[in-house]
Every structure is written in structure tokens, then in C-alpha cells.
1. Suppose we filter the stretch 77-108 for residues that are of a type in the set (D, E, K, R), out of contact with any Asp or Glu (no Cβ under 9 Å at 6 or more places or on another chain) and closer than 14 Å to Arg29 by Cα; how many remain?
2. Return the pair list, or none, for Cβ contacts closer than 7 Å from residues in the stretch 77-98 that are open to solvent by 30 Å² or more (accessible area, probe 1.4 Å) to residues that are of a type in the set (A, V, I, L, M, F, W, C) and assigned to a loop (DSSP other than H, G, I, E, B), at least 6 apart or on different chains.
3. Hey, any hits in the stretch 113-123 for a residue that's modelled with pLDDT under 90, assigned to a strand (DSSP E or B) and either open to solvent by 40 Å² or more (accessible area, probe 1.4 Å) or on the phi > 0 side of the Ramachandran plot (or both)?
Amino acid sequence: MAVPVTMSTGEDTAGDAAGLYLLCRIDGRPYALPAAAVERILPLAAPMALPDAPPGVLGALDYRGALLAVVDPRPHLGSPVAPLAPEQHLVVLAARTRYLLRVDRAERIVALAAERVAALASPADRPLLSAVARLDGEPVPVLAPDALDPGPLVRGREDGRR
């Protein structure tokens, strides 16, 4: 069952090439994800534990016949992993592979004008934050889906896609 998410426009979207972003909460703070990478938003389900999983991978879940990693971004953001809670969501993301990103709450999709989103210069190959968006006068970090992608969990299914 998908979780309904509302669509809204950010302040001042009259500029060039508005981009769509999913606003979500992680540890009570706002973050954005490029909506182009978001396939679906699901209610939280308890993942199957994976021995020797990389940091931030809570386990795996079967999603439409594919075994997808469940990623908690908190360790990457400098926060400890929090207990699972029924009100949390899983965001199905398509990056290098498909995976499920655990967030406290998926709130809404917003359209932001290009001048409201500033790309970050980073020496890293896969920076965790790709940009900072300005929404209602406040900076909102934009997470880079590729940076959180743990890679394939099952051999022979390189991208986890059907």
C-alpha cells in the first residue's frame, strides 16, 4: 500500500525549470530528495536482518519480487540509528540500484524554481548532499540517492529492477 503524499509549490516557483523534490524528515530535520529518483512511498515494515550488512543497511525487504536493501541515512548524517516506529516511511529510490530509504516521515512533493536550489561543490565522488534548497526562507539539504545506494544485494540482479 502506497502512502499518499501531497503536492505543493514552494515559495516563488515562477523562475526557470522548477524541479520536483520530496520533502521528508529524518531525526526531526527536513531533507529533500529529487522526486525523479522516488518511485513510491510505503509504510514502514520490519526488514529481514542481513549478516555483515554495511553501515546504515538495516536489512532487506521483498518489494515486488526484488530483494531491496533498507537503508537508514542516520549513520551517514552523523546520528545513531533510531528504533523503528510505525509512523515512519520507506521511500523506494532508483539510483545505481533500487533500495528503500527509511525516513521518519515523507511529507510532500514541492516544485522549486532552479534559483532556489544551489548545487554543492564536493571533492567526493559520491557526495551525500548534492544541493541545498531554499524553502520558505530556510535551507533544506538535498540528499544524493547515489551516495546512499548500498549496491546490489543479490548476484545476477545487478540493479534490483524487474
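1. Within the stretch 77-108, residues that are of a type in the set (D, E, K, R), out of contact with any Asp or Glu (no Cβ under 9 Å at 6 or more places or on another chain) and closer than 14 Å to Arg29 by Cα number 1.
2. Pairs that qualify, where the first residue is open to solvent by 30 Å² or more (accessible area, probe 1.4 Å) and the partner is of a type in the set (A, V, I, L, M, F, W, C) and assigned to a loop (DSSP other than H, G, I, E, B), are Leu84/Leu44; Leu84/Ala46; Pro86/Leu44.
3. The answer is yes; a qualifying residue exists.
The values are calculated or read from the model by the stated rules, or taken from the named source; none is laboratory data. Just so we're clear, the structure is a prediction, and the values are computed from it rather than from any experiment. With ideal geometry, Cβ positions are generated from the backbone for all residues, glycine too; neighbour counts draw on all protein chains shown. Accessible surface areas use protein heavy atoms only, side chains included; no ligands, DNA or RNA. Shrake-Rupley method; radii C 1.70, N 1.55, O 1.52, S 1.80 Å.
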